[in-house]
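Chemist: Before we start, here is the structure in question, set down as structure tokens.
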Ligand SMILES: Nc1ncnc2c1ncn2[C@@H]1O[C@H](COP(=O)(O)OP(=O)(O)OP(=O)(O)O)[C@@H](O)[C@H]1O
Ligand SMILES: [Mg+2]
């Protein structure tokens, strides 16, 4: 599997030693809406920052443990990132509007070009999994932390690039990719349409998705029409609606989170429903067979495959069957997925609830792991639903990133995604999104330290503390990671001194 890790050019090495800058979102928002001079200022900042961050990602990738650094997948990513450092350093720092136009085109090219990164890392992780076999389970927590760390940096990098590209257009209520009027209901609805379609393409059926908003105090009933709540109409007396429905955030990231969670929910419901239908069909056939034998008509039994689903079709069979037998628990359609959102004072929350059977407690941790699934056939994510991970997903081994990446997108802004499962019934996934404020002044700590202020090598304990601040990390995780990093540092020092001696 392994090949020699590629060597970085001197230029990349030099950039990787420079410090990144943490951009407060407020500053990005202001510069993105500002004058021509502001835009040039932003271009200059980004010119330097994108080169440094790409160089640091290369450096970090080459320090990966467990043979990951030597895999072909990681090699491809490093080659690709280091070429951006070369492109950028060959490009003059923008000093006038004409340069900025060319610079923006270069950023577009970088954005398009590295679309394959998630897949390349997937193949790298699978290579290591295959090489380590069951021992992979021991290193899985650390690989997940490494992936978290890599992807949160990449989210930050792509955020900067996309912000500069989109800030070229003047859009009311927007500054680059940040908007002051994010409509959670609209996003949920369009993400639901895409998620349903994706699951329908994959499994042939998908549940409906109902979207409710700001209606915590309104009972949700069968007869309630979802759109009433999603738009807030009919809720005039609700105290929750009087204020703070202006939500400043990055809509493409909110959409990515919603799409991933809704697709998971629809898929769980649809496959659970299909399983139950099959089970009911089998039970039905057994009863039909029993009835036929009792009636002395065993020779005319239909074959298993020839009995279509549905009451009408089976009712044509020549036996009397008790009427209650046809009822499934869900009727003719799978139970709908429900997405509920609420605007709070500090944050906007979304809950996606499904009746897809839930997850056993022992599998919840694995669900957050990277590149774990691969059991379902994969249709590509719709392009606009993918934010920055829009590579085609035809390779099964790249499946299993939706949940962890959705959580990272929320954590990047100081929010979170939490999953609660009732095994045997269904799953609730909560999304908490910080209000970034009209001018993003509520920039959370998690964003301020990420990604720019993180140490670019995985060798330091400081980087563990910074990572810890991005989200919950148990003491056991921290202890484990600290120990492993310490061991790796010692190994690296040993091999360095051996190289110096020889
Ligand atoms: N709502 C849910 N109900 C039941 N299981 C779920 C639910 N959401 C996630 N899971 C489990 O967690 C696993 C990981 O989810 P994740 O979204 O990361 O990957 P995936 O859906 O398998 O692939 P993709 O990368 O396309 O999203 C799923 O394969 C599934 O087993
Ligand atoms: Mg998924």
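Chemist: If you stretched the chain out fully between residue 136 and residue 342, how much longer would it get, using 0.36 nm times the residue separation minus the C-alpha to C-alpha distance? Walk me through the numbers before you get to the answer.
Modeler: Details: separation 206, 0.36 × 206 = 74.16 nm, distance 4.06 nm.
Once the chain is fully extended between residue 136 and residue 342, it gains 70.1 nm.
Chemist: Once you have the alpha carbon radius of gyration of segment 72-169, what is it after dividing by 2.2 N^0.38 Å, with N set to its residue count? Please report the intermediate quantities before stating the final value.
Modeler: Numbers: Rg = 17.1 Å, N = 98, 2.2 N^0.38 = 12.6 Å.
Dividing the Cα radius of gyration by 2.2 N^0.38 Å gives 1.36.
Chemist: Multiply the residue gap between residue 361 and residue 291 by 0.36 nm, knock off their C-alpha separation, and tell me the result in nm, one decimal place.
Modeler: On the way: separation 70, 0.36 × 70 = 25.20 nm, distance 4.06 nm.
Full extension of this stretch gives 21.1 nm more.
Chemist: Still on this structure: What list do you get for 193, 372, 248 if you sort them by fewest beta carbons within 10 Å? Present the calculation step by step, with values, prior to reporting the outcome.
Modeler: Values: 193 15, 372 19, 248 22.
The most exposed by this proxy come first: 193, 372, 248.
Chemist: Fewest to most neighbouring Cβ within 10 Å: what's the order for 53, 21?
Modeler: Values: 53 29, 21 13.
Going from least to most buried by this count: 21, 53.
Chemist: Another question, then. Taking the number of other C-beta atoms within 10 Å as the exposure measure, put 130, 123 in order starting with the fewest. Don't jump to the answer; show the numbers that get you there.
Modeler: Details: 130 11, 123 18.
Listed from fewest to most nearby Cβ atoms, that is 130, 123.
Just so you know, all these numbers are worked out from the coordinates, no wet-lab data involved. Since this is a predicted model, take the numbers as computed values, not measurements. Cβ coordinates were reconstructed from backbone atoms using ideal geometry, including for glycine residues, and neighbour counts include every protein chain displayed.
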